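> Provided herewith is a single structure, encoded as C-alpha cells, for subsequent inquiry.
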Amino acid sequence: MYELNPTPHVLVSGGGIAGLALAVQLVRSGIRTTVVERAAGPRPGGQAVDLRGASREVAERMGLMPGIDRRRVHEEGMAYVDGKGRVFGRMSMADFDGEGAVAEIEISRGDLAEVLLDTLMEAAETAPGLLDLRFGDRITAIAQDADGVDVSFEVAASARFDVVVGADGVHSATRRLAFGPEEQFATYLGGCAAFFTMPTPAGLEEGWFSMRFVPGITFGIRPDFDPSTSKAILTLRMDRDPSLRGDRAAQEALIDRALEGAGWHAPTVQAALGDASDLYFDELVRIDVPDVSSGRVVLLGDAASCGSPMTGQGTATALIGAYLLAARLAETPEDAAGALRRYAADIVPFAEHGKEIPYGGIERMVPKNRFEAAMSRVTSGIMLSRIARPLMKRVFAGAAESPALPEIPVPVR
Ligand SMILES: Cc1cc2nc3c(=O)[nH]c(=O)nc-3n(C[C@H](O)[C@H](O)[C@H](O)COP(=O)(O)OP(=O)(O)OC[C@H]3O[C@@H](n4cnc5c(N)ncnc54)[C@H](O)[C@@H]3O)c2cc1C
C-alpha cells in the first residue's frame, strides 16, 4: 500500500484499451484522471484478442477476469479453407496447448473495452470526483514547462495538467503535438487491415476461425461471443494510399473488389460490409518511438509502440503498459517525470516483443498472385500437418513467451 502525497492530475488522450486500462488503475490509486476520447461514445469493434503470459497476469491483477470470462469467445482453433470451403489445414487450440494462433483466453476487442469501461465506472463510484470521462473531444495543443502541461481542446476550455498520456492509437495526436510528425515514427508494412461484425453465415464450421488466401487478400471469419454474429477479418496487400483514411466508401469499394470471385463465403462478407456499424479499417504500420517519455508527456499503447494487428500483440502490450505506468505514477506521485522515465524503461522488453510478427509479415500472410496463393496452400498444409506440429509448437511457444512483469506493488488507494 502506498502513502500518497497530493496526487497529480493526469490527462489521458484516447479511451481505447490502453487509455481505459490506465484510467482504471489511476482512479484506484487515488489519482485525479481526465480521459478525452475523440469518438462520441465507447468504440465497439475488433476481432478476438488474446491474453497470455504477462497480459493475462495483468488482467488477473486488475480484477478483469470475471468480466472477461462472461464474454469469452470459445474457439476450437484455426482452419484454412479453399474456395469451396474445404479445410486443408488445421491448428487446433488443444493440439497447441493454447499457445498456437488461438489462445485459451480470447475476447473481442470491443467486449474487452466494455469490460474496462464497466470496471472504470465501478472504480469511479467508490472514489467520487477523481474521474472526468469526456467523449467527443480531442486535444489540439500541448505546451509543457517544468511544473505542468497546458492543453487546449477542440470543445472544452484549455486546462493545465501535471501529466499528459497519449493513448490515442497508431495515429496519435499527442505524439504529433509533443514528439514530432507521424512520418518520423511510422513504417508502412505493405497493406491494410479491416475488421467488422457480420451475421454468422449459414454452413460455417462452428467454433473455428476459418481463413482463405486469395491473391491480394486473406480473409477470415472468426467466432464471436454471440453465436449469431461473427467477425470478418481482412488483410489486403497493397501500395500505400493515404486517401483511404476516413473515406468509408473508398474502403468498402476496395474490399469489395478484392473479394470479387474469391469463393467460399466472400459474397456473404461483401453483402454484410455495407451494413457494418463497426467497420475498422487502417493501414498496417509499425510504430517505433525511441523514447516514449518527454518530461511530463508520455505515450502508451499503439501510440508508443506497434507492430500492427498482424502481431496479435497490440492489446496485450497496451494492458501491460497501462498497468506499469499507473504503478510507477502511484509510487512517486510527487515526481511525475521520474515515474514516466521508469515506466519508459519498464515497457521496452514488452514493446519490442509486441512488435514481432509471426510468419514473417504481409508477404507470407497475403499471396501476391495465383502462384503464391497455390504455394501458400501447399506450405500451410505442410506446416499444419501432424508431422510438422512439434516444430510449429516451438515457433509459437517462442512467440507466446512474453517477458516477466517487474516486481512492482499493486497500486491501491
Ligand atoms: C475500433 C477498433 C477496432 C480494432 N480492432 C482490432 C483488431 O481486431 N485486432 C487488432 O489486433 N487490433 C485492433 N485494433 C487496435 C487495437 O485496439 C490496439 O492495437 C490495441 O488494443 C492497443 O490499444 P490502444 O488503446 O493503444 O489503441 P486503440 O484501441 O486504437 O485506441 C485508441 C483510442 O484513441 C482514440 N483517439 C484517436 N485519436 C484521438 C484523439 N486525437 N483524441 C482523443 N482520442 C483519440 C480512438 O478513437 C481510440 O478509441 C482496433 C482498434 C480500434 C479503435
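> Name the residues in segment 148-170 that are aliphatic (A, V, I, L, M) and under 16 Å from R134 (Cα atoms), would you? Walk me through how you get there before you give the answer.
Of the residues in segment 148-170, the ones aliphatic (A, V, I, L, M) are 149, 151, 155-157, 159, 163-165, 167, 170.
Passing the criteria: V151, V155, A156, A157, A159, V164, V165, A167.
> Turning to a different aspect of this structure: Every residue in segment 311-334 that is among the β-branched types (V, I, T) and either outside the structural domain of A59 (by TED's automatic domain parsing) or within 9 Å of the ligand (Cβ to nearest atom) (or both), please.
Here is the first cut: in segment 311-334, the residues among the β-branched types (V, I, T) are 311, 315, 317, 320, 332.
Correct list: T311, T315, T317.
> Here's something else I'd like to know. List every residue pair whose Cβ atoms sit under 8 Å apart, with the two residues 6 or more apart in sequence or on different chains, where the first one lies in segment 114-143 and is outside the structural domain of S158 (by TED's automatic domain parsing) and the second, anywhere, is open to solvent by 40 Å² or more (accessible area, probe 1.4 Å) and assigned to a loop (DSSP other than H, G, I, E, B).
none
> Filter segment 7-46 for residues that are under 14 Å from the mean Cα position of the chain (by Cα) and either buried (at least 24 other Cβ atoms within 10 Å of the Cβ) or among the aliphatic types (A, V, I, L, M) (or both) and give the result.
Our first condition is that a residue be under 14 Å from the mean Cα position of the chain (by Cα); within segment 7-46, this holds for 14-21, 43-46.
G14, G15, G16, I17, A18, G19, L20, A21, G46 - these are the residues of segment 7-46 that are under 14 Å from the mean Cα position of the chain (by Cα) and either buried (at least 24 other Cβ atoms within 10 Å of the Cβ) or among the aliphatic types (A, V, I, L, M) (or both).
> While we're here: Of the numbered conditions (1) under 25 Å from R43 (Cα atoms); (2) in contact with a Gly (Cβ under 9 Å, 6 or more places away or on another chain); (3) open to solvent by 40 Å² or more (accessible area, probe 1.4 Å), T174 fails exactly one; give the number of that condition.
(3)
> Of the conditions (1) buried (at least 24 other Cβ atoms within 10 Å of the Cβ); (2) assigned to a loop (DSSP other than H, G, I, E, B); (3) more than 14 Å from the ligand (Cβ to nearest atom), A94 clears all except one; give me its number.
(1)
> I've got another one for you. For the subset of segment 296-310 comprising residues that are at pLDDT below 95 and open to solvent by 10 Å² or more (accessible area, probe 1.4 Å), which member is farthest from the ligand (Cβ to nearest atom)?
M310
> On to the next question. Consider Y343 against the criteria (1) open to solvent by less than 30 Å² (accessible area, probe 1.4 Å); (2) away from the ligand (no atom under 16 Å from the Cβ): it satisfies all of them except one. Which criterion is unmet?
Of the numbered conditions (1) open to solvent by less than 30 Å² (accessible area, probe 1.4 Å); (2) away from the ligand (no atom under 16 Å from the Cβ), the odd one out for Y343 is (2).
Conditions tested, residue by residue: (1) of a type in the set (F, W, Y); (2) surrounded by 24 or more Cβ atoms within 10 Å (Cβ to Cβ); (3) touching a Phe, Trp or Tyr at 6+ places or on another chain (Cβ under 8 Å); (4) over 16 Å from S172 (Cα atoms).
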position: A266; (1), (2), (3), (4): no, no, yes, yes
position: P290; (1), (2), (3), (4): no, no, no, no
position: G312; (1), (2), (3), (4): no, no, no, yes
position: I320; (1), (2), (3), (4): no, yes, yes, yes
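> Condition check: under 30 Å from E205 (Cα atoms) and crowded, with 18+ Cβ neighbours inside 10 Å. Does V49 satisfy that?
Considered against the rule, which asks whether it is under 30 Å from E205 (Cα atoms) and crowded, with 18+ Cβ neighbours inside 10 Å, V49 comes out as yes.
Residue-wise test of (1) in contact with a Gly (Cβ under 7 Å, 6 or more places away or on another chain); (2) of a type in the set (A, V, I, L, M); (3) near the ligand (Cβ under 9 Å from one of its atoms).
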site	(1), (2), (3)
L11	no, yes, no
A23	no, yes, no
V36	no, yes, yes
G45	yes, no, yes
R52	no, no, no
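The values are calculated or read from the model by the stated rules, or taken from the named source; none is laboratory data. Please read all numbers here as calculations on a predicted model, not as lab measurements. A quick note on method: Cβ atoms are made from the backbone with ideal geometry, for glycine too, and the neighbour counts reach across all protein chains shown. Side chains are part of the model used for accessible areas, which takes the heavy atoms of the whole protein and leaves out ligands, DNA and RNA. Shrake-Rupley method; radii C 1.70, N 1.55, O 1.52, S 1.80 Å.
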